[in-house]
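For reference, the structure is listed below as structure tokens.
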Amino acid sequence: MLFNSYEFILVFLPITLFLVLSLRRLGMVSASLTLLCGASLVFYAVWDWRFIGLLVGSICINYLLISALSARPRRWLMWIGIAVNLGLLGFFKYATFLGENFAALAGGSFETPDIVLPLAISFFTLQQISMLVDASLQPVARPRFRDYALYVSFFPQLIAGPIVRHGEMLPQIRSIASRIDLVAFAMGVTLFAMGLLKKVALADSLKPYADVVFNGAEQTAASLGFIEAWLGALAFHFQIYFDFSGYSDMAIGLALMLGFRLPLNFNAPYKATSIIDFWRRWHLTLSRFLRDYLYIPLGGRRGGLGPQSANIMLVMLIGGLWHGSSWNFVIWGGLHGVMIVANHLWRRFSGHSRGPSRATTAVSVLLTTAGVVLAWVFFRAESLDGSLAMLAGMAGLNGLGTVTLGEPSLFDLAQSVALGGSALATLDANVLLLIAIAFAMVWVLPASQEIVNYDPAARSGAALPIRYPAATAALSGVGLSLALLALARPSEFLYFQF
Amino acid sequence: MSAARYIVIVVIAGLSVVAAALGAAVSADPAHLFRTPAAYAEIARLLHAGTPVGELDSPRHRLINRAFIDSLDQAPETVILGSSRVQPFSPAEAGWQRSLSLAVEGGDLGDLLYIYGLLRDRALIPARTVITVDPYIFAPDSHLLTRNGKHASLQRIVGLLETDCIEDFGSQIPLSWLAEVLTLDYVLESLGKLGEGSSDQVRFGPDPELRSPGFIKRPDGSVLFSREIRTRSAAYVDDYAATVLDHPVGRGLAFTSLDPCKTAVFQAFLDLLQHDGTTVILAMLPYHPTAFRLLESDRAVLAQVDGFVRQLAAQRSLAVLGAFDPGQSDCGQTDFLDMHHPKQPCIERILEPAVESGTRQSAAAGQ
């Protein structure tokens, strides 16, 4: 079930909210948590019931391991747990990729097995590994099974994060009050509305153009012009941001409505003034996981710039591979690794004598944006050839291109429809407008959490922390309805595939 | 402000938008869901009287067809279903008696069902039904065009199809007009129409001189494309096809395999047609030779559709006419209006066996 679907918004969510909050209001807190856990499993099963056994099985096995670790931390038990989790992830996500590459190296052929990637496996695997590791390093109170199951399966974050740590969620589950937190509910509704608008108004509007250009790059490697290649790349640059940050806003908003606070996943990443800064703002919970469970155990900054650079490269390559079993993701991660290492070198050798001027900040943001956009090409393209075709177009190797501005005529549209629905044969001015709006939004407007003053670590006070509450409430209502009207054809979130 | 008051404002603002959207949709009624303008009945009357009608906006062919079918007093001999690719073909010009083209631009699988459903609802089952099959009707991500109040009729005929896929297919059709009206596109369209200040006026008029710069609907239901399109030279069309299709942004069929559900629905549709006793003829119209050459990456899916159509025809003893490959269809460089719209003579050559077979059948029935 998608957050941006009528089934979720008009059926699942109201019923779940009503039942969970009613039970809580009646003082039946434990029953409300059990119901929420059940609803989360239903949410998962509605999407694909075949893998509900895998999710429940994974929760059970990890719960047993964590129970054993909480009784007595033992490293070998942790390693068994990590092996089980990574084994499952590896089988479902990387078996085909590894088989194909080994076969290619050996000069043989590989019969692609029919393995379907279970939804959310990348996310619930990391979440459970983090608790296994923590429980093996320091004493962790053994959670109740129902609480642990809810921590892993909590539907707002189950499918695409944020990747929540046990210390952030289990205490909240244990101490959830019977009082309905209307302040949190109001903030949640606003965040959900903002996320939905980001998804349907911006991400889904930019998607068709990004798709057409990237698909074009896969098909005709030689002829993608400079303008269309850059517009296609920028369309994806903003599509993925509004898609994923929209999802994260919705997830945080939903959790707030249910009385829980999830960690932030984005902090205005396209305002970043360096690539290091970018990774402190983009997919924060993944960056945090990679830092705490990979980078630091590898040695982090210890040993000087050489080992640190090697650690960064390894972490970013693995981070890239986590997104998908393709060399393009590895290259994407590698490119970011190279940029981060270069950034560290620049910091070390350029020196910082005084604060940056506005001009240098602007140049830094532009340079960071350019680096991020170029790297996204590998992330989005389906093949290395397609990526290179896009980069060739962006480098101007094929000239400016043959883009025509203006609305496509009805006849052009009819022709496109007759050809199979690629109705964007003519670049219309809307794409330029959307990209301009997107730039303005990411560079000028505050992040969603700043608008509602959301702090994951804070508790709700009696007063609404939202500035200009009347206007924000009205805009939220209008935005929510407009987004609902735009949901005629819900599309998946990009990060569901990871 | 208290949180409770905040939530009340959110709800009121949200409901206001929904109410405003409904109000705009009902007032402007761009798809004529609430009121069918008398103009369409008048267009149908003119067509029945043998007068071509010009200056029509393209997307309204579905409404005209509905009015046209509503005012039919007897079943046509032959009905042609399909997309704009077959619209230029005039059955009357080809000498087909009492035959109608009910093809619509962008006609998808839903349109085939809908238009045949209208005939069926009125007990006007034609003796022959020619379906020109476009590849994209089997595309997995193609959605059904449900404009112009098609819901009820479409739901009805879809309910008659016998296939396990019908739930999937039916779910692509909005359950009611409300589901269509409460969409952002529809609201924006309604607001645009309200902004224009026009009511339900339809620009049209009898145009026997064919001076119209736009589309002209002919009495047999076929469409004469605009003069600008009709007068293109073969060299221009060749260059146009090459330019459009060679452009990476504009090319291709955008799918690589046939949607199993859509193919199942199509088969069930053929079964229904045969059950109704209409003789079904399947046809595939060619692409411009240059376009076909450039659609290199789509040859595989074109071959899949071709093979699927021929397999269905063989299983049901149906006639198959034409092919997507212009080389197999006896159509050359000069036979096209653009990259995929063949001209009358090309289509006539392809469909000729249909009228011959129909004539034979009619004669046999007469004896």
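Side notes on the structure shown:
- Centre-to-centre separation between the Cα atoms of region B:73-102 and those of region A:46-111: 61 Å.
- Contact with the other protein chains removes 40 Å² or more of accessible area, compared with the isolated chain and a 1.4 Å probe, from these residues of region A:167-192: A:L182.
- Shielded by partner chains, region B:10-25 residues - at least 50 Å² of accessible area, 1.4 Å probe, vs chain alone: B:V10, B:V17
- With N counted as the residues of region A:73-179, its alpha-carbon radius of gyration over 2.2 N^0.38 Å works out to 1.36.
- Total accessible surface hidden between A and B, rounded to 100 Å², 1.4 Å probe: 3600 Å²
- Unsatisfied cross-links (Cα-Cα over 28 Å) in the set B:K217/B:K262; B:K193/B:K217; A:K207/B:K217; A:K207/A:K271; A:K93/A:K271; A:K198/B:K262: B:K217/B:K262; A:K207/B:K217; A:K93/A:K271; A:K198/B:K262
- Within the accessible area of chain A (1.4 Å probe), percent carbon and sulfur: 67 percent
- For region A:472-486, heavy-atom accessible area (probe 1.4 Å) falls by no less than 10 Å² from the chain alone to the full protein assembly at A:A473, A:A474, A:G477, A:V478, A:S481, A:L482, A:L485, A:A486.
- Dividing the convex hull volume of the alpha-carbon atoms in region B:1-84 by its residue count gives 160 Å³ per residue.
- Across region A:189-194, rounded Karplus estimates of 3J(HN,Hα) from the backbone phi angles (6.51 cos²θ - 1.76 cosθ + 1.60, θ = phi - 60°) give 4, 5, 5, 4, 4, 5 Hz, Gly and Pro being marked x.
- For chain A: span of alpha carbons on each principal axis (Å, largest first): 66, 59, 56
- Close amide H partners of B:S101, meaning residues 5 or more places away or on another chain with modelled amide H under 5 Å apart, are B:I80, B:G221, B:S222.
- Computed lengthening from B:T231 to B:S16, 0.36 nm per intervening residue step minus Cα-Cα distance: 72.3 nm
- Proximal charge balance of A:Y468 [Cβ under 15 Å; K/R count +1, D/E count -1]: +1
- Solvent-accessible surface of chain A, taken per residue with a 1.4 Å probe and all protein chains present: 41 Å².
- 20 Å binning of all Cα-Cα separations within the protein assembly as shown, expressed as whole percents from 0 upward: 13, 41, 33, 12, 1, 0
- Region B:285-357: relative contact order as a whole-number percent, Cα under 8 Å and 6+ apart: 45 percent
- Between A:I61 and A:M28, the FRET efficiency from the beta-carbon distance, with R0 = 22 Å, is close to 0.15.
The values are calculated or read from the model by the stated rules, or taken from the named source; none is laboratory data. Model, not experiment: these values are computed from the prediction. Here Cβ is always computed from backbone atoms with ideal geometry, including for glycine, and neighbour counts include all displayed protein chains. For the accessible areas, the whole protein counts, side chains as well, though only heavy atoms, and no ligand, DNA or RNA atoms are used. Shrake-Rupley method; radii C 1.70, N 1.55, O 1.52, S 1.80 Å.
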